[in-house]
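Engineer: First the structure, which I've put down as structure tokens, then a few questions once you've had a look.
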Amino acid sequence: MTDSATMDQVFVPTADPDWVILADGYDSLREVSVESRFSISNGFLGVRGVRSTTRGDRWVVPARTYVAGLFDTSGSNQATQALVPAADWLRVRILLPGGPLLHHPGDVSSHRMTLDLRRGTLRSEGRHLKAPDLGLHVHTSRLVSLSDRAIGLQLIRMEIEDGELDVTLEASFEGTELGLVTDQLRQDLGLWHTSHSRKYLAMASMAALQVNDRDIPPSALGPLKSSWAWKSRPGQVICFQRFVAIVRGDTKDIDPAKEVRDKLNQAKGLGWRGVVAAHEAAWLSRWRSSDVEVDGDAGAQLALRFALYHLNSAANPEDERVSVGARALTGDDYHGHVFWDTEIFLLPFYILTWPEAARALLMYRFHTLDGARAKAAGMGWRGALYAWESADTGAEMTPERVIGPDHQVIDVLCGKQEQHISADVAYAVWQYWQVTRDESFLLDAGAEILLETARFWSSRAVPEADGRCHIRGVIGPDEYHEHIDDNAYTNVMARWNIQRALDVVALLRTRWPARWTGLAARLDLKDGELTAWLHVEDTMATGLDPTTGLFEQFNGYFALEDIDLANYAGRTVPMDVVLGRERVQKSQVVKQADVVALLGLLPEEFVGDMKSANFRYYEPRCSHGSSLSPAMHGLVAARLGDTDMALRFFRQAAAIDLADTHAATDGGVHIAALGGLWMLAVFGFAGLSWRDDGLAIDPQLPKEWRSLKFRVQWRQRSLVLSIDPGQQTVEAIVESGDPMALFVGGQPNQISSGATAVIPIVSLS
Ligand code: BGC
């Protein structure tokens, strides 16, 4: 098959509207957020969805390429690491006798960009008419391979519609001198290193061009640059292909030039068709493990697919040295830094659909444990206090000052005070262990994280005259209130962290006594210390008022000004801008789910009416000043049976990136909000949870949803679960692995491998 015939097929996007995101024409106002939304990524490489035609002397523009873990500090700020963008490998220029072909994107007729979610590919199609003497119909396609994460591929097919003249196509890299120190630039290879963190980057490339299916030799070559010249004629078909291989080196031990050449050669050996096929097969396999299907609500279906696309794009099971930043690899807001977002909003998805990726993300926390120990020690505590914003080493990366929404410089205290992160990491470790029973992870890494974080909390919580242990001077998830005492979220999560660490001690002692002895000796953990932990756990202040069943968000919160947020409905800016920071701090207005997040994560801490009492108290006081907030509220609302409210929150969370209602999408997609959407669908609407002896499901679907089908992994089994509210059934299939128990409405059902079990929901009491 010739390139011109088969490239055609590559450019035909998935026809099903549930699987594609489109951008037609050109809107200069929306351009930057479209770039974030249309990013392609494979957890190692991320390339923003910059359109293929733009103003200036370029024709195909450089798209900003991020390489996971390529952190450096800038000369002026040695404390804060940021992701350094790599050279852009997609640049193409068309040179005509009168000079380069210039285009304002608005001049291109019928331009369409298509993000193909199923195949993980970004395509574009556009007509360049008479510009100035050449009419072109152009298709482009790009991908970063999910099958071999070092590889990127760019394909262009151009049909000459008009014009006979000398044309040169020049393919080069842009920004080869930006941000990195150049070690070598050759025709097919670039080598760089970072200035301070001493990381290495290698990029190798190979490009080829055919005119009417005949290879044209390059007419000129330069550093990471090739050109081809020919005479255009109407009807001619030009096919261009470019492979890139990218390798990051964290130490001098590897030879990045050799590794990158090997990678490129493997890709060249496969050919572009082979690269496309392997990439699409890898995506298919991810969809087989993670798809969520909604019948009856096309908007929700697309929102979930978009979320799953970015979640599957963001992680890399092969790299334990990196985690997912707050904007994944789709933009540079927060500089690639990793927050609690990963453990609380992303890990549930990975743990239940992609345990290998979950493991790698947790191993990142294990490898940065020393940074967390150093932070705790530096602040006078024991154990491990994770960085609120983490990058490469686990050292604290939170900036000390930022420009606030009103353009005043404000101090940021999160790096010192937002300490719940340590319990959040422990929480994710425990969830992973519960779902996977991955013993080697627990023994080699997980137990140590649980113990060191518990040790931190036991030194952090101080016994006082009232006989209780208090944690003073923190910031909870609601960041509007700073330097607070006994934040319910922090204290209850800390207590839970200590309990789970004590569970793990008991487990190790019984099942792996030699491992326990070794670990306890290495961590210098003696029985006396464990008894002290027990005491802290027993006496932790939580702010629970037994008469009302309400947790006080922090000490003194109930006495603050109660502001009715209903009076501010329709506002377009956050409440701290509306009221000013000072007034917000003196009020009960909450930035984001705080006690509600605790209810979402540890529902067992709320008995009987406490769940609804706390939700009904805090929900109206929450201003959703963070993109993390709506999905967490939706999850809790769904579990409480308020599916109308839950669906409203679902749509609010979905709109953050998709409807472009959130100005901040320019700097990358809100990956935690996307993880939250999955949690809301699976933990909220489907009501999935787990117990020691199996999975449980307690569906609460919105009335618009005719069915909900999703896939999960549970202790070496793959399951597909479908909820049909019309038939009042749950259909369960264990696709691989041993039989297991599925509890529907609290009733156990044994489901065997390969057979479909149809379980009536009427058993719900
Ligand atoms: C939120 C944090 C979040 C961070 C990164 C902040 O605005 O308040 O909870 O971790 O953004 O997404």
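The values are calculated or read from the model by the stated rules, or taken from the named source; none is laboratory data. The structure displayed is predicted, hence computed values, not measured ones. Please note: Cβ atoms are built from the backbone with ideal geometry, for glycine as well, and neighbour counts cover all protein chains shown.
Engineer: Inside the range 602-638, can you point out the residues that are closer than 18 Å to residue 592 by Cβ and basic (Lys, Arg)?
Structural biologist: Listed by number, the residues that qualify are 616, 621.
Engineer: Go over the candidates 489, 480 one by one and state the one that is in contact with a Lys or Arg (Cβ under 7 Å, 6 or more places away or on another chain) and buried (at least 21 other Cβ atoms within 10 Å of the Cβ).
Structural biologist: Details: 489 fails: in contact with a Lys or Arg (Cβ under 7 Å, 6 or more places away or on another chain).
Every option except 480 fails the conditions.
Engineer: OK, next. Quick one: residue 460 ticks every box in (1) more than 16 Å from the ligand (Cβ to nearest atom); (2) touching a Phe, Trp or Tyr at 6+ places or on another chain (Cβ under 8 Å); (3) closer than 21 Å to residue 351 by Cβ except a single one, so which number is it?
Structural biologist: (3)
Engineer: Please state which one of 415, 404, 383 is among the small types (Gly, Ala, Ser), under 28 Å from residue 578 (Cα atoms) and touching a helix residue (DSSP H, G or I) at 6+ places or on another chain (Cβ under 8 Å). Explain how you work it out, then say what you get.
Structural biologist: Numbers: 415 fails: touching a helix residue (DSSP H, G or I) at 6+ places or on another chain (Cβ under 8 Å); 383 fails: under 28 Å from residue 578 (Cα atoms).
Just a single option satisfies the conditions, and that option is 404.
Engineer: Quick check, is residue 450 crowded, with 20+ Cβ neighbours inside 10 Å and touching a helix residue (DSSP H, G or I) at 6+ places or on another chain (Cβ under 9 Å)?
Structural biologist: yes
Engineer: Do you know which residues across the range 497-520 are of a type in the set (D, E, K, R) and either outside any helix (DSSP H, G or I) or farther than 21 Å from residue 384 by Cα (or both)?
Structural biologist: Across the range 497-520, the qualifying residues are 509, 511.
Engineer: Out of the residues in the range 560-609 that are among the acidic types (Asp, Glu) and surrounded by 15 or more Cβ atoms within 10 Å (Cβ to Cβ), which is farthest from the ligand (Cβ to nearest atom)?
Structural biologist: 605
Engineer: Here's a check for you: in the range 278-321, which residue that is in contact with a helix residue (DSSP H, G or I) (Cβ under 8 Å, 6 or more places away or on another chain) and among the basic types (Lys, Arg) is farthest from the ligand (Cβ to nearest atom)?
Structural biologist: 286
Engineer: So which residues in the range 476-492 are touching a Cys at 6+ places or on another chain (Cβ under 9 Å) and more than 10 Å from the ligand (Cβ to nearest atom)?
Structural biologist: Matches in the range 476-492: 482, 491.
Engineer: Moving to a separate point now. Among the residues of the range 629-646, is any in the same structural domain as residue 557 (by TED's automatic domain parsing), within 12 Å of the ligand (Cβ to nearest atom) and either of a type outside the set (Ser, Thr, Tyr) or at pLDDT 95 or above (or both)? Show your work before the answer.
Structural biologist: Going residue by residue through the range 629-646, those that are in the same structural domain as residue 557 (by TED's automatic domain parsing) are 629-646.
Among the residues that remain, those that are also within 12 Å of the ligand (Cβ to nearest atom) are: 629, 632.
Restricting the remaining residues to those that are either of a type outside the set (Ser, Thr, Tyr) or at pLDDT 95 or above (or both) gives 629, 632.
Yes; the residues of the range 629-646 include at least one that is in the same structural domain as residue 557 (by TED's automatic domain parsing), within 12 Å of the ligand (Cβ to nearest atom) and either of a type outside the set (Ser, Thr, Tyr) or at pLDDT 95 or above (or both).
Engineer: Mind checking which residues of the range 322-360 are aliphatic (A, V, I, L, M) and within 16 Å of the ligand (Cβ to nearest atom)?
Structural biologist: Within the range 322-360, 324, 326, 328, 329, 338, 344, 346, 347 meet the criteria.
Engineer: Within the set of pairs 6 or more residues apart or between chains, which connect a residue that is assigned by TED's automatic domain parsing to the domain that holds residue 433 inside the range 331-356 to a residue that is more than 9 Å from the ligand (Cβ to nearest atom) and acidic (Asp, Glu) with Cβ atoms less than 6 Å apart?
Structural biologist: Short answer, once both residue conditions are applied: 340/424; 343/424; 344/424.
Engineer: From the set of residues in the range 194-221 that are modelled with pLDDT under 95 and assigned to a strand (DSSP E or B), which is farthest from residue 168 (Cα to Cα)?
Structural biologist: Applying the filter and picking the extreme gives 221.
Engineer: Among the candidates 434, 419, single out the residue that is buried (at least 17 other Cβ atoms within 10 Å of the Cβ) and outside the structural domain of residue 717 (by TED's automatic domain parsing).
Structural biologist: Just one listed residue meets the conditions, 419.
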